[in-house]
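Enquirer: This is the structure I have questions about; it appears just below.
What follows draws every value from the coordinates through simple rules; no lab data is involved. The shown structure was predicted, so the numbers you read here are calculated from the model rather than taken from an experiment. Counting neighbours? That spans all protein chains shown, and the Cβs are built from the backbone with ideal geometry, glycine included.
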């Protein structure tokens, strides 16, 4: 039992921190521009595919450096020549634009790389067990994923709260005209933030590609979960997104690792169903079977009891 708990916790941390890496960019973009970018997970997918192509020629580490940069530049160009033009038409136009962009990126990926799964591998340098516990190995690459994710959180938090750049960004969110009057190029700041946000999504794709497989539907796998994280954590809250990512990662990992079923709960309260009862199939479900919907149940509970999210600020 202890073995299952420890490895479920470790796997939950890996999943949660990977989700945070993806959600941090979306949180940064929303807090700065008020845009919920539906194409955010598509930039995550682009990062994986660019890294795969680069790794075929000059190795994984080059892909780790250059793929997020390429995705960040593409994101900045999307903001400058696309999103900025529809911004004046309101949030609905922005949502429709990013929604269409997500489909466009998926089609481009299928056209360039094909529909098959790519053999994107992590480097031999990290192909060894970091430690062995209860006869099971925890890979060094998963430890690398944890380290990168924690490093991103620390860097982002310090930049946004302690640096001059962070002060300008925070001021531009609430008082853009004042920041512009002080001589700062606010549109350039917006473009830079959007580029950094998409670069973070690309970095998440580079890291996750070898573990979660690189295929054209990988954006759809995590796309909806990212929005759940941003809402649960509180729109625009980086710390909230970090906590929500860990909560969801651990929640799903514990659920998958358990062998608890609905029947166990029913037996505790002395309830049973006949085989012919219409609800019999529902009550025979196990916790691993319902694990994929647990984040959405958590979202419903948070919206009911705390609509602003865990660390979101209530609007006055």
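Enquirer: Hey, what angle do you get for helix 218-233 against the long axis of the chain, alpha-carbon based, 0 to 90 degrees rounded to 10?
Expert: 90 degrees
Enquirer: In nm, to one decimal, how far is the modelled label at residue 284 from the one at residue 305, with both set 7 Å along Cα→Cβ?
Expert: 3.3 nm
Enquirer: Using Cα pairs closer than 8 Å and at least 6 residues apart in sequence, work out the relative contact order for the chain, in percent.
Expert: Reported relative contact order: 33 percent.
Enquirer: Could you work out the relative contact order of the stretch 102-209, using alpha carbon pairs under 8 angstrom and six or more residues apart, expressed as a whole percent? Before the final figure, lay out each step's value.
Expert: On the way: 43 pairs, mean separation 14.8, N = 108.
It rounds to 14 percent for the stretch 102-209.
Enquirer: Suppose R0 equals 41 Å. What FRET efficiency, 1/(1 + (r/R0)^6) with r the Cβ-Cβ distance, do residue 185 and residue 119 give to the nearest 0.05?
Expert: The formula returns an efficiency of 0.40 here.
Enquirer: For a test of the definition: using alpha carbon positions, the gyration tensor, and the 1.5 limit on a/c, classify the stretch 57-188 as rounded, prolate or oblate.
Expert: Taking the square roots of the gyration eigenvalues as a ≥ b ≥ c, the stretch 57-188 is oblate.
Enquirer: Still on this structure: Out of every Cα-Cα pair in the stretch 32-131, what percent are more than 17 Å apart? The partial results should precede the final answer.
Expert: Numbers: 2905 of 4950 pairs.
Looking at the stretch 32-131, the distances longer than 17 Å represent 59 percent of pairs.
Enquirer: Going by average Cβ density within 10 Å per residue, which order do the peptides 20-27, 51-58 take, highest to lowest? Working shown, then result.
Expert: Working: 20-27: 29.0, 51-58: 17.4.
Ranked from most to least packed, the peptides come out as 20-27, 51-58.
Enquirer: Evaluate the chain: find the radius of gyration of its Cα atoms, find its Kirkwood radius, and give the ratio Rg to Rh.
Expert: Numbers: Rg = 21.3 Å, Rh = 21.0 Å.
The Rg/Rh ratio comes out at 1.01.
Enquirer: Could you work out how much longer the chain between residue 164 and residue 260 gets when fully extended? Use 0.36 nm per residue separation minus the Cα distance between them, nm to one decimal.
Expert: 29.5 nm
Enquirer: Along the Cα-to-C-beta direction of residue 5, a point sits 7 Å from the Cα; which residues of the stretch 128-170 have their amide N less than 19 Å from that point?
Expert: Taking a point 7 Å out along Cα→Cβ of residue 5, the residues of the stretch 128-170 whose backbone N falls under 19 Å are 133-136.
Enquirer: Follow-up question, since we're still on this one. Roughly what angle does helix 60-78 make with the longest principal axis of the chain, taking Cα atoms, 0 to 90 degrees, to the nearest 10?
Expert: 60 degrees
Enquirer: Taking R0 as 22 Å, what's the FRET efficiency between residue 104 and residue 73 from their Cβ-Cβ distance, rounded to 0.05?
Expert: Details: r = 17 Å, r/R0 = 0.78.
The computed FRET efficiency comes out at 0.80.
Enquirer: Please provide three numbers in whole Å: the alpha-carbon extents of the stretch 67-122 along the principal axes, with the largest listed first.
Expert: 43, 22, 16
Enquirer: Let me ask something additional. Arranged from highest to lowest average of other beta-carbon atoms within 10 Å per residue, in what order do the peptides 84-93, 186-195 appear? Provide the component values of the computation, followed by the final result.
Expert: Working: 84-93: 12.3, 186-195: 19.7.
The peptides rank, most packed first, as 186-195, 84-93.
Enquirer: With n ≥ 4 as the cut-off for DSSP H runs, can you work out [θ] at 222 nm for the chain, using -39500 (n - 2.57) per run divided by the number of residues, rounded to the nearest 500?
Expert: Helix-only estimate at 222 nm: -23500 deg cm²/dmol.
Enquirer: To the nearest 10 degrees, how steep is helix 91-113 against the longest Cα principal axis of the chain, on a 0 to 90 scale?
Expert: Taking the Cα atoms of the chain, the angle to 91-113 is about 80 degrees.
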